[in-house]
Amino acid sequence: MSIRRASTGLVLAPLLASLLAGCTVGPDFKTPDPPATDRYLPDEGPLNLVSAGIPGGEAQRVVSAMDIPGQWWAVFQSPPLNGLIDRSLKANPDIEAATAGLRVAQQSARAQRAALFPTVTGGATGAQTQAPTVLSAPTADPNSWVYGLFTATLSITYAPDVWGGTRRAAESAEAVAEGQCFLLEAAYLSLASNVVAAAITEAALRAQVQATERIIASQRETLAILRGQSNLGAVSGADVASQEAALAQAEATLPPINKALAQSRNLLTTLTGELPSTALAERFELSDLKLPPELPLSLPSKLVEQRPDIRAAEANVHAAAAQVGVAVAAQLPNFNLLASIGSQSLVLGSLFSAAVGPANSAVGGGVLGTLLDGGALQARKRAAQASFDQAKAQYRSAVLLAFRNVADTLRALEYDAQLLKAAVDAERAAATSLQIARKRLELGDTTYVIVLLAEQTYLQASLVRVQAQAARLTNSAALYQALGGGWWNRGEPTNPAQRAVCTPPKPPAPVAK
């Protein structure tokens, strides 16, 4: 009998040790490989970012593998824009909401991780009791029928993570926190990009207002000439009326532009966390925003590490993979260990003294497994696997969107540079044509119709030039946004909570000599 007990102990000891050490069921997460490509566009030729020959229309150069500064908007060399973005990042409520969401996810992950450790609970009770006189007094004094009963207990419970379900749950929660961190980074990037875009839009609208006002002034001068010639009998009253109608039409185009300008100002104000009634000190003109001469272009393999939305999607894949392990572990038996000790006394002062006798104690354990549940656990496992597949598909979609954003922006940079050059040439030609037509009208060598057509051509050419000039600035900002915004190059995180989970891209590999 003693030999059998010894052999049984030799078998159970390793088994118990393995159970306590545990394993981890479910798939282990692996960072997805970057797309197997080294380009964003089908052709490898350099982009033709030509010069338009005006300030704000300089030639640009795309530099491959150029790193992105943390404050990328500083490339526009506008101190008012820098200050506005700085205020927005500190006061915008969307940033505050995303920051709070990160704190929620971090604390939830910490709470989930705590399930890996034993739980210690303590309790104490006290009661004043009166016993019936027909019974024996529970106290040492037979005449004392009122007594107090005091109890103190200490319990330790522990659920060994035999199958790794608790660890998988903690892993999933930490991945959710990481994803929330990158959602916060995406909110920073989106906010900065929106402020830059709104500032460029305001500058473009101001330029459109100025171009429209120049045309209105020119048409008023033309109307004055026609009225003078009408008084001399050189032109008919119908010609004067037609010019008055043309002037009214030009004046009618100005209020919609001013409306858009006012709405752009309201947008900038609210982006800084202020009410629209707050007067915004910053005013933006196209001449105040400098076109960056060099633009970065990250390697495709680095884009997936830089884009916050891709990193958030990757964290979602990680969380979903861990949830598969949680669902698998839920199908297996659960183990529980319990230890408790307690003391009871009629006098509070002697509750922990040796006079009350030995403490009550208990040590035990148990195992609990589901035998029949109508297929619920199996369905939950299949749902977790489907969620894992969904997260992987969403990750691939985020990667495709990011590469398309970069490709679209590169094409926009190239073609809008060509458009601006053509628009500048067209505006100059239209200005010369208008000047000649007005001279001929003053000399009576042409009709007002020729002047009117020249004015309309010049107005349209001016508006196209302004829009093309603004598009080049917008495209430059869009490229920084499409590449991830350089969040990894900030000296200190914008929010201290990010230090816990946000992982920057890996540094580039050294170039072999």
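The values are calculated or read from the model by the stated rules, or taken from the named source; none is laboratory data. Keep in mind it's a predicted model, so treat the numbers as computed, not measured. Cβ placement follows ideal geometry from the backbone for every residue including glycine, while neighbour counts extend to all protein chains displayed.
Would you mind stating whether ASP28 is loosely packed, with under 11 Cβ neighbours inside 10 Å and among the acidic types (Asp, Glu)? In short, yes. Among the numbered conditions (1) within 25 Å of LEU483 (Cα to Cα); (2) aliphatic (A, V, I, L, M); (3) touching a residue at least 12 places away in the same chain (Cβ under 8 Å), the only one that ALA384 does not meet is (1).
Residue by residue, here is whether (1) in contact (Cβ under 8 Å) with a residue 40 or more places away in the chain; (2) surrounded by fewer than 21 Cβ atoms within 10 Å (Cβ to Cβ); (3) not assigned by TED's automatic domain parsing to the domain that holds LYS302 holds:
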residue: ARG404; (1), (2), (3): no, yes, no
residue: ALA412; (1), (2), (3): yes, yes, no
residue: ARG428; (1), (2), (3): no, yes, no
residue: SER433; (1), (2), (3): no, yes, no
residue: LYS439; (1), (2), (3): no, yes, no
residue: ILE450; (1), (2), (3): no, yes, no
residue: ALA454; (1), (2), (3): no, no, no
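Please work out if THR253 is in contact (Cβ under 8 Å) with a residue 12 or more places away in the chain, assigned by TED's automatic domain parsing to the domain that holds ARG206 and either closer than 14 Å to ARG206 by Cα or under 24 Å from the mean Cα position of the chain (by Cα) (or both). Taking the combined requirement at face value, the residue satisfies it. Selection of segment 141-200 for residues being of a type in the set (Gly, Ala, Ser), within 38 Å of the chain's Cα centre (by Cα) and farther than 17 Å from ALA322 by Cβ yields ALA159, ALA186, ALA187, SER190, ALA192, SER193, ALA197, ALA198, ALA199. Of the candidates ALA114, ALA65, ALA59, ALA124, the single residue that is modelled with pLDDT under 90 and either over 26 Å from the mean Cα position of the chain (by Cα) or among the polar types (S, T, N, Q) (or both) is ALA124. For the subset of segment 294-311 comprising residues that are within 16 Å of SER64 (Cβ to Cβ) and touching a Pro at 6+ places or on another chain (Cβ under 7 Å), which member is surrounded by the fewest Cβ atoms within 10 Å (Cβ to Cβ)? Taking the candidates together, the pick is SER301.
When ALA393, ALA423 are checked against the criterion of being aliphatic (A, V, I, L, M) and crowded, with 20+ Cβ neighbours inside 10 Å, a single residue qualifies: ALA423. Every condition in (1) among the aliphatic types (A, V, I, L, M); (2) surrounded by fewer than 23 Cβ atoms within 10 Å (Cβ to Cβ); (3) touching a Phe, Trp or Tyr at 6+ places or on another chain (Cβ under 7 Å) is met by ILE216 except one, and the failing one is (3).
Filtering segment 82-97 to residues that are crowded, with 21+ Cβ neighbours inside 10 Å and of a type in the set (A, V, I, L, M) leaves LEU84, ILE85. Taken over segment 177-200, the residue count meeting the criterion of being among the polar types (S, T, N, Q) and crowded, with 20+ Cβ neighbours inside 10 Å is 2.
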